[in-house]
1. Could you grab me the full set of residues in region 27-46 that are of a type outside the set (Phe, Trp, Tyr), open to solvent by 60 Å² or more (accessible area, probe 1.4 Å) and within 23 Å of Gly107 (Cβ to Cβ)?
2. What residue, of Val25, Val31, Val72, is in contact (Cβ under 8 Å) with a residue 12 or more places away in the chain and out of contact with any helix residue (DSSP H, G or I) (no Cβ under 7 Å at 6 or more places or on another chain)?
3. Taking the condition more than 16 Å from Leu18 (Cα to Cα) and either without any contact (Cβ under 8 Å) to a residue 12 or more places away in the chain or in contact with a Pro (Cβ under 7 Å, 6 or more places away or on another chain) (or both), does Gly83 pass?
4. Could you grab me the full set of residues in region 90-101 that are open to solvent by less than 70 Å² (accessible area, probe 1.4 Å) and on the phi < 0 side of the Ramachandran plot?
5. Checking the conditions here, which among Ala106, Ala85, Ala79 is open to solvent by less than 20 Å² (accessible area, probe 1.4 Å) and of a type in the set (Gly, Ala, Ser)?
6. Which ones in region 47-68 are in contact with a strand residue (DSSP E or B) (Cβ under 8 Å, 6 or more places away or on another chain), of a type outside the set (S, T, N, Q) and open to solvent by 70 Å² or more (accessible area, probe 1.4 Å)?
7. Only one residue in Thr45, Thr39, Thr60 is assigned to a loop (DSSP other than H, G, I, E, B) and either under 15 Å from the mean Cα position of the chain (by Cα) or more than 20 Å from Glu93 (Cα to Cα) (or both), so which one is that?
8. What residue, among those in region 77-97 that are assigned to a helix (DSSP H, G or I) and out of contact with any helix residue (DSSP H, G or I) (no Cβ under 7 Å at 6 or more places or on another chain), is farthest from Ala114 (Cα to Cα)?
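The values are calculated or read from the model by the stated rules, or taken from the named source; none is laboratory data. The structure displayed is predicted, hence computed values, not measured ones. Positions of Cβ are backbone-derived with ideal geometry, glycine not excepted, and every protein chain shown enters the neighbour counts. What goes into the accessible areas is simple: the full protein's heavy atoms, side chains included, and nothing from ligands, DNA or RNA. Shrake-Rupley method; radii C 1.70, N 1.55, O 1.52, S 1.80 Å.
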Amino acid sequence: MAVKRIVANIDTPNVKDLRAFYVDVFEMDVVMDQGWIATLATNGTAPVQISVASEGGSGTEVPNLSIEVENVDQVYRRAKEMGCAIVYPLTEEPWGLRRFFIRDPAGTLLNILAHTN
């Protein structure tokens, strides 16, 4: 038996606004919307992964989701322009990541990252 996909589900009383947040910040596509649930996706494919951690690195809280992007600086600027509270500033980490943390409107802690090597 092989895992084909893992889907992150974020609990929110306001699906419409949270859907708009992910579309606006990450330029994701709405691939399904039933009103009570919306699924967002990109055209890319990635291996199935789950991380288990006792901290988020550099003394940070463990994020709920890690989202790898092509251009972390661009997403950081977009998040700041949208007024997102930056929980952990844009940082080049010694283990080869450039990343920052924000919370989505539902309170989900997001680790937005790009590999530097």
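1. Glu27, Val30, Asp33, Gln34
2. Val72 is the lone residue from the list that is in contact (Cβ under 8 Å) with a residue 12 or more places away in the chain and out of contact with any helix residue (DSSP H, G or I) (no Cβ under 7 Å at 6 or more places or on another chain).
3. So Gly83 does not fit the description; no.
4. Matches in region 90-101: Leu90, Thr91, Glu93, Leu97, Arg98, Arg99, Phe100, Phe101.
5. Unique residue meeting the criteria: Ala79.
6. Result: Glu61, Glu68.
7. Among Thr45, Thr39, Thr60, only Thr45 is assigned to a loop (DSSP other than H, G, I, E, B) and either under 15 Å from the mean Cα position of the chain (by Cα) or more than 20 Å from Glu93 (Cα to Cα) (or both).
8. Glu81
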